[in-house]
Amino acid sequence: MKFTNTKLDRRTVLRGSGLAVGLPFLDAMVPAIASAAETEAPRRFVSFSLGLGLHGPNLFPKQSGFNYTPSPYLAEIADILPEMTVCSGVSHPQVAGGHRAEGTILTAAPLSRSDANFRNSVSLDQLMAKHLGDQTRFPSLVLNASGDNSSPSYTENGAMIPPEMSPLRLFEQLFVADAPAVRKQDSARMRHGRRVMDLVAEEAKSLQRTLGAGDRDKLDNYFTAVNELEKRLAANQAWINRPKPQVGKPESLAQSVSDGIEKQRAMFDVMALALQTDSTRFITLHLGNGGKVELDGVTEAHHALSHHGQDEQKLRQLAILENALLAEWADFVRKLKTVQESSGTLLDQTMVLLTSNLGNASSHDNKNMPVLFAGGGFKHGQHLAFDTKNNYPLPNLYLSALHRLGLHHDRFSTSTSTMTGLELA
C-alpha cells in the first residue's frame, strides 16, 4: 500500500477474503488525528492559593453585578477587570480551623476545629489531572513560592503532593534537555516500575480468589489504582525521548531570586511558559508563608501584618504588600491574554483562580474567602456578591470549572450545583 498525503482514519481496516483486520498506528494517520485535535483547543486550570488571605474591605466592591465601582485593590488592576469575576460571600461549607484549613483550599473537605483525625480528599487540580493530565509531558505542576514546603494539591488518598519551590529548577525540568545518560536511566526506571506493577497485580489476582466480598472490593479499587499508575508510567516513558520545547530564559530568572515578590515573579513567568508550550495544563502555586517581604514602606513580616487587629499602621503596610502581590497576579493574567491560539487567546482557554482558606486572617476566620476568577471563556467583568452571613458554597465554582473541562461530574465535595451567575461567554 502506498500513501501520499492520505489522511487515514484511526479505525481503518484491511478487508479481504471475508476478514477485517485493524491496522496498527501508521504515520499516515497523523494528519487525520492532528486535524481532529485542532478542532478542540485544550483547556487549562491554574490556581493561586494564599495562606494569609486578602483584606476584605480593600478587595470587595460595594456594588454587585457588572457595573460596580472597583475597590481600592481592584482599582490598581482595572485593565483586567473585564477578564475576571470577583466573588464575595463564599466559603467552603463545614470547614473551620483557621490556618489548619489551608489544606482544604482546593479539596473543600469538611473540617472542624476539633477534628483530630481529619483526612483530606482529592484536590480539584489533581482530579482534573487524573482525567486529562496524560495529554502533556507533565500531568500537573505543584509549586510553592513561599518556602514552607506546603501545597494545596492532594491525592485521592488525601496525601499532600510536595511542591517544587525553585523557579530555576522548574525551568530546567520543563525546558532544559536531559543528558543521554539521564534519559537512559529514567527509561530503565520506568520499565522496571511497570514490571513491578505487573508482578504485584498478578500476585493480587491470585490472592483475590481466597478473600471475602469486602476484601475483593478493596482489591478491585487497588487494581484500578495499579492500572492508572501503569498508564502514567507508560505515558512518562513515551515522553522521555521527545525533545523539550526550546524557550528563552525569563529575565526574572537571571536575577538573584529570594523569597518574596521577586521569587513569585520568576515562578509566574515560568508558569506562563509552561502553559504556552503546552507542557502542562494544570498548575497550582501556593503563596505566603508570612515572612518578611522587601518592599518600600513595609517593615513588618506578612504574618504579623495579616493579624492587624485594625491597627492603621499595619493596615497601611498590609495594603502595600497585598497590592504588590495582586499586581504580579494581574501581570500573569495579562501574559496569557497576549498569547494568541487558534480558538482565541491563551487566557480564553485557561481558568485562573486566586483564593485563600482565610477570609479574615486577623481573626482566623474561614468564611468570606477572597475569590478572583479569570479567563476560561466565561462571561466576566462582574462582582458576584453572595450572603456574607450565610455564605454560598465555593465548591460550586469548582464544579463549574470541571464542567468547563468536559468533566461533567454531578458534584465536587460539598457542592450543590454549578455556580450561580457564572455563565459562558
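The values are calculated or read from the model by the stated rules, or taken from the named source; none is laboratory data. These numbers come from a predicted model, not from an experiment. Cβ coordinates were reconstructed from backbone atoms using ideal geometry, including for glycine residues, and neighbour counts include every protein chain displayed. We work out accessible area using only protein heavy atoms, side chains counted, and drop any ligands, DNA or RNA first. Shrake-Rupley method; radii C 1.70, N 1.55, O 1.52, S 1.80 Å.
For the reader, a short list of remarks on this structure follows.
- Backbone amide hydrogens, once placed in the peptide plane, bring residue 286 within less than 5 Å of 49, 143, 144, 145, excluding anything fewer than 5 places away on its chain.
- Cα gyration tensor shape of the range 271-409, rounded if a/c is under 1.5, else prolate or oblate by comparing a/b with b/c: oblate
- Using a probe of 1.4 Å on the protein chains alone, the accessible area found for residue 169 is around 120 Å².
- Ordered from largest to smallest accessible area (heavy atoms of protein chains, 1.4 Å probe), the residues 80, 320 come out as 320, 80.
- When only the Cβ of Lys, Arg, Asp and Glu is charged (+1, +1, -1, -1), the dipole of the range 336-425 relative to its Cα centre reaches about 100 debye.
- Table column - 3J(HN,Hα) (Hz), the range 161-166, Karplus curve with 6.51, -1.76, 1.60, x for Gly and Pro: 8, x, x, 7, 10, 10
- Given charges at beta-carbon only (K, R positive; D, E negative), |dipole| of the range 277-372 in Debye: 160 debye
- Using θ = phi - 60° in the Karplus curve 6.51 cos²θ - 1.76 cosθ + 1.60, the 3J(HN,Hα) couplings for the range 127-142 round to 5, 4, 5, 4, 8, 10, x, 6, 8, 10, 4, 10, x, 7, 10, 10 Hz; x is entered for Gly and Pro.
- Label-to-label distance, nm, for residues given as residue 340 and residue 41 (7 Å Cα→Cβ offset): 1.1 nm
- In a fully extended conformation the segment linking residue 301 and residue 249 would gain 15.6 nm over its present Cα-Cα distance, using 0.36 nm per residue.
- Model label points for residue 292 and residue 316, set 7 angstrom from Cα along the Cα-to-Cβ axis, are 2.0 nm apart.
- Residues in the range 282-368 average 39 Å² of solvent-accessible surface per residue, probe 1.4 Å, ligands and nucleic acids excluded.
- Across the accessible surface of the range 305-425, with the other protein chains kept in place and a 1.4 Å probe, carbon and sulfur atoms take up 47 percent.
- Probing with 1.4 Å while keeping every protein chain in the model, the per residue accessible area of the range 28-165 equals 40 Å².
- Accessible surface of residue 134 - all protein chains present, 1.4 Å probe, nearest 10 Å²: 100 Å²
- Database remark: amide H of residue 279 closer than 5 angstrom to no amide H (H placed geometrically; neighbours at sequence offset of 5 or more, or on other chains; Pro and chain starts carry no H).
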